[in-house]
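Reviewing the structure listed below.
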Amino acid sequence: MWKFWHDVADRLHLVSAETFVMSGEFDGIAPPVNGRRIADRIGDSIFREYSGGHMFFIQDARALVDATGFLVSGKEGVSS
């Protein structure tokens, strides 16, 4: 059954994996403020905001480069 309310914010501090949180600056579905809050609650995380909305991956070329860099090299693979 679909859950209409799913909140795990109180457990994000338990994530031990290096985490990369990405948001589009004009995203009305998943606003950047939510991404920042998620990243703030995960100890080993970084947050980046990209130009565009919910489809920022096709609106900002840096997003794909950074996502690929993170998957290959971890945080060192993400631009500043």
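The values are calculated or read from the model by the stated rules, or taken from the named source; none is laboratory data. Every value quoted in this text rests on a predicted model; they were computed, and no experiment measured them. Ideal geometry is used to build each Cβ from the backbone, glycine not excepted, and the neighbour counts take in all protein chains shown. For accessibility, only protein heavy atoms count, side chains too; no ligands or nucleic acids. Shrake-Rupley method; radii C 1.70, N 1.55, O 1.52, S 1.80 Å.
Miscellaneous remarks
- Residue pairs meeting the criteria (Cβ under 6 Å; at least 6 apart or on separate chains; first in a helix (DSSP H, G or I), in the stretch 11-33; second surrounded by 15 or more Cβ atoms within 10 Å (Cβ to Cβ)): Leu12/Arg41; Leu12/Ile42; His13/Arg41; Pro32/Ser23; Pro32/Glu49
- Residues (of a type in the set (Gly, Ala, Ser), within 24 Å of Leu12 (Cβ to Cβ) and either exposed (fewer than 13 other Cβ atoms within 10 Å of the Cβ) or at pLDDT 95 or above (or both)) located in the stretch 54-78: Ala63, Ala67, Gly69, Ser73
- Output for the stretch 17-53, where each listed residue is open to solvent by 60 Å² or more (accessible area, probe 1.4 Å), within 19 Å of Asp7 (Cα to Cα) and hydrophobic (A, V, I, L, M, F, W, C): Ile29, Val33, Ile38
- Out of Ser73, Ser80, sole residue that is free of Cβ contacts under 8 Å to residues at least 12 places away in the same chain and part of a loop (DSSP other than H, G, I, E, B): Ser80
- Remark: pairs (first residue in the stretch 34-48, without any contact (Cβ under 8 Å) to a residue 12 or more places away in the chain and closer than 13 Å to Lys75 by Cα; second residue β-branched (Val, Ile, Thr) and not in a loop (DSSP other than H, G, I, E, B); Cβ separation under 7 Å; 6+ apart in sequence or on different chains) are absent.
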